[in-house]
Structures are given as C-alpha cells and as structure tokens.
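The values are calculated or read from the model by the stated rules, or taken from the named source; none is laboratory data. What you are looking at is a predicted structure, and each value in this text was computed from that prediction instead of being measured. Here the Cβ positions follow ideal geometry from the backbone for every residue, glycine too, while neighbour counts run over all protein chains shown.
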Amino acid sequence: NWTMKSFIDNEIARIQQIVGPNGQVVGAVSGGVDSTVAARLMKEAIGDRFHAVLVDNGLMRLNECETVKKNLGEHLGINLIVVDASKKFLNCLKGITDPEKKRKIIGNTFIEVFESEALKIDQETKESGHGRIEYLLQGTLYPDVIESVSFKGPSATIKTHHNVGGLLEDMKLKLIEPLRELFKDEVRELGKTLKLNDELIWRHPFPGPGIAIRILGEVTPSQVAIVRAADHIYIDEIKQAGLYRKISQAYAALLPVKAVGVMGDKRTYEQVITLRAVETVDFMTADWYPFPYDVLKKISNRIINEVKGVNRVVYDISSKPPATIEWE
Ligand code: XMP
C-alpha cells in the first residue's frame, strides 16, 4: 500500500531530522498496538538510540510481559528494558478498594518507576559518550488529541502519560508523537505494513490500570492469580470459537462476593467471575455481545473446573450507557 509506505518513509525521515545523529529517545511500551507501532517506527528511524521501557506493574494479563518481551525485544529487535515493579505496585495497592484511588495510585507509581528508569538510561548514555535523552515518545492518536476532555477512555493511559510532568520538565524532554494524525484503523494498517503480527494488530484494548480495576475490592496476589487464569480461559475460548475479532473488547472480572456451590458431596463457598464482551465502534456506547449458548457453556465449565477459588460464572448483559465497559 503506497500511501502507508510513503507515510512511513516521511515519518522516519522526520524523526531522524528532529532527533539528529546523536539524540536519544525514551518511551513507554505496553504491548498494545499504538505503542508498538510507534516503537517500531522509532527503531526503524534511529535504531538502538530509542529506548523502550516496559513497566511490569504485575497487573497485565497472564504471560503478557513475556509475550511483549518476545514480540518487541526478539522479533522486532527493539532496544527494550523491562522493569519488574510488580511488588511495588501491589504494595501500594494494599487495602485500596476505591476504583479512582486505584487509578491514581497506579498512575503515580507508573510515573515514578518510568521516570527513575529514564534517568538511569540518561545517565548510562551520558557516561558512554552517546548523548543525553532529549525526547519522549508517545503513541498519541488523533482522537486523543481532539478529545482530551474525557478522563476515562480508551486512551486514558496515554493521557496519564501526559502527566509525566517531571520528565518533561525536570529532564526537559520534548515530545515525539508519530501517530498524532492517525485514527485507530490507520494505525492497524500501518502495523500491517510494518509487518507486525496479526495477533498484536487486533489485540483488544487493555486499560492502563490493568486487572486492578477488574478485581472488585482489594487487589491481592491471590485475586490477581484467579482473575488472570479465568480471563486467559475466556479469551482462549473466544479465539477458538473464531469470535475474537467480532468482539471489540472482552475480559473476565472477579466479584467481591462469595456464593454457595456444591462439589461432589461437599458444599463450597467461593467467588464469582463475571464475563464481559462488547461490540462498539467508539467505546463511548457499547452493546453486550450475543454469544452462542454453547460457547458460553464451554467457557463457564472450563473456568469453574480449572480455576481454584471460583464456583460460579455470570455473563454481564448491560449496555453502555448506563453501564460502563469496565466494572470499576
Ligand atoms: P468505560 O469503562 O469507561 O471504558 O466504558 C471505555 C474504554 O476505556 C477503557 N478504560 C481505561 N483505559 N485507563 C485506560 O487506559 C483507565 O483508567 C480506563 N478506564 C477504562 C476501557 O477498557 C474501555 O476500552
């Protein structure tokens, strides 16, 4: 596709011109399509002078951190640093149940961890005589640029990154936003032209605060393990049924209630998983997805049989509005 090809060529030339022959750039990646496409362009333009940072907050999906390492580090050859901050995040979240408080804590902790990593990289490149970090990469899309009023939205992570105020001010970093004129479907097309794999290109959006807002109530390591396992089965079955791309976003959440069940001749008293799947164009309004019953049946059986601590699965049939896509 020649238009995408010329967009890529122009953007690479523009980045090279802005950054110059010695400039160093830092940027956070999440494994999502936007940050990966942006990182891939930077790699193409300035090679290892782009430093990608993945903050493992312990709140990503099952095995996600490993997958990102493989995709970006090994397959795409991006200069990737993974910071394992999962203990720090979980510690900060101890005892917190309020959704907005969770978001704030996660956002602030992210900034703290990312900033300290950026300073470390800056120190290293400075000491090795390779110039300082001067730029911050962000995968901002056009809708984020025009609709910066909404606090919660598919791009709220990016908006949170706008608050990397310390970085922009103390380190005097300047922003590079190669995707700021593109819509999501154009980013996907760009990803295809850049030979990113389909799985990455069509990945459902994932909120910055991750599964912390999909564990209702306190976030603890055991709750994280339960919701991760259930979500993994759910998404796996959706993919096997060939429905993944028909659904805009799907996830499992863990409710803070216990329900009575029976296993063999024993009474159980365990937790409840709720499944969410929506179809939407803009994420401002959404309809719940009408699964075939046999798919729901298989998912429910698998979760209850395979995930310890869960004895009941329910399906969320609420539209947005008045419900939201996330439970918190
Ligand atoms: P709601 O729940 O508001 O979600 O209907 C709409 C879209 O936004 C995502 N979402 C978030 N993304 N940080 C994010 O990066 C957040 O705090 C956040 N809250 C919701 C949600 O996953 C859906 O795609």
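For (1) within 16 Å of the ligand (Cβ to nearest atom); (2) in contact with a helix residue (DSSP H, G or I) (Cβ under 9 Å, 6 or more places away or on another chain); (3) assigned to a loop (DSSP other than H, G, I, E, B), each residue gets a yes or a no:
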| residue | (1), (2), (3) |
| --- | --- |
| ILE78 | no, yes, yes |
| VAL83 | no, yes, no |
| PHE89 | yes, yes, no |
| ARG103 | yes, yes, no |
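All conditions in (1) in contact with an Asp or Glu (Cβ under 9 Å, 6 or more places away or on another chain); (2) among the β-branched types (Val, Ile, Thr); (3) within 15 Å of the ligand (Cβ to nearest atom); (4) modelled with pLDDT of 95 or more hold for THR140, with the sole exception of (4). Taken over segment 236-255, the criterion of being away from the ligand (no atom under 12 Å from the Cβ) and either farther than 14 Å from TRP202 by Cα or free of Cβ contacts under 8 Å to residues at least 40 places away in the same chain (or both) is satisfied by ASP236, GLU237, LYS239, GLN240, ALA241, GLY242, ALA252, LEU254, LEU255.
Among residues of segment 14-40 that are more than 20 Å from LEU182 (Cα to Cα) and modelled with pLDDT of 95 or more, those with a beta-carbon under 6 Å from a residue that is surrounded by fewer than 21 Cβ atoms within 10 Å (Cβ to Cβ) and polar (S, T, N, Q) at least six positions away or on a different chain give the pairs GLN24/THR125.
Within segment 264-283, the residues that satisfy the criterion of being farther than 25 Å from GLY217 by Cα and either within 16 Å of the ligand (Cβ to nearest atom) or surrounded by 10 or more Cβ atoms within 10 Å (Cβ to Cβ) (or both) are GLU279, THR280, VAL281, ASP282.
Residues that are small (Gly, Ala, Ser) and under 18 Å from the mean Cα position of the chain (by Cα) were ranked within segment 191-229; the one that is farthest from GLN271 (Cα to Cα) is GLY191. Scanning segment 181-197 for residues that are in contact with a Phe, Trp or Tyr (Cβ under 8 Å, 6 or more places away or on another chain), more than 12 Å from ARG40 (Cα to Cα) and surrounded by 15 or more Cβ atoms within 10 Å (Cβ to Cβ) yields LEU182, ARG188. Of all residues in segment 310-322, those satisfying the criterion of being away from the ligand (no atom under 11 Å from the Cβ) and either assigned to a loop (DSSP other than H, G, I, E, B) or under 24 Å from the mean Cα position of the chain (by Cα) (or both) are TYR315, ASP316, ILE317.
When segment 289-308 is filtered for residues that are within 22 Å of ALA225 (Cα to Cα) and acidic (Asp, Glu), only GLU306 remains. Could you check, for segment 21-40, whether at least one of its residues is acidic (Asp, Glu) and part of a strand (DSSP E or B)? Looking through segment 21-40, none of the residues is acidic (Asp, Glu) and part of a strand (DSSP E or B). For first residues located in segment 308-328 and under 14 Å from GLN249 (Cα atoms), partners that are in a loop (DSSP other than H, G, I, E, B) and within 15 Å of the ligand (Cβ to nearest atom) and lie 6+ apart or on another chain with Cβ distances below 7 Å form the pairs LYS320/THR285; ILE325/PHE283; GLU326/PRO207; TRP327/LEU216. Of all residues in segment 183-217, those satisfying the criterion of being away from the ligand (no atom under 11 Å from the Cβ) and in contact with a Lys or Arg (Cβ under 6 Å, 6 or more places away or on another chain) are LEU194, ILE201, TRP202. Of all the criteria given as (1) at pLDDT below 95; (2) outside any helix (DSSP H, G or I); (3) closer than 27 Å to ILE215 by Cβ, the one not satisfied by ILE96 is (1).
Residue by residue, here is whether (1) within 12 Å of the ligand (Cβ to nearest atom); (2) under 23 Å from ASP144 (Cα atoms); (3) under 20 Å from the mean Cα position of the chain (by Cα) holds:
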| residue | (1), (2), (3) |
| --- | --- |
| THR285 | yes, yes, no |
| PRO290 | no, no, no |
| LEU296 | no, no, no |
| ILE303 | no, no, no |
| LYS308 | no, no, no |
| THR324 | yes, yes, yes |
| TRP327 | yes, yes, yes |
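Return a yes/no flag: does segment 119-135 have any residue that is under 30 Å from ASP185 (Cα atoms) and crowded, with 20+ Cβ neighbours inside 10 Å. Yes, segment 119-135 contains at least one residue that is under 30 Å from ASP185 (Cα atoms) and crowded, with 20+ Cβ neighbours inside 10 Å. Within segment 22-32, the residues that satisfy the criterion of being within 14 Å of the chain's Cα centre (by Cα) and either surrounded by fewer than 21 Cβ atoms within 10 Å (Cβ to Cβ) or not hydrophobic (A, V, I, L, M, F, W, C) (or both) are SER30, GLY31, GLY32.
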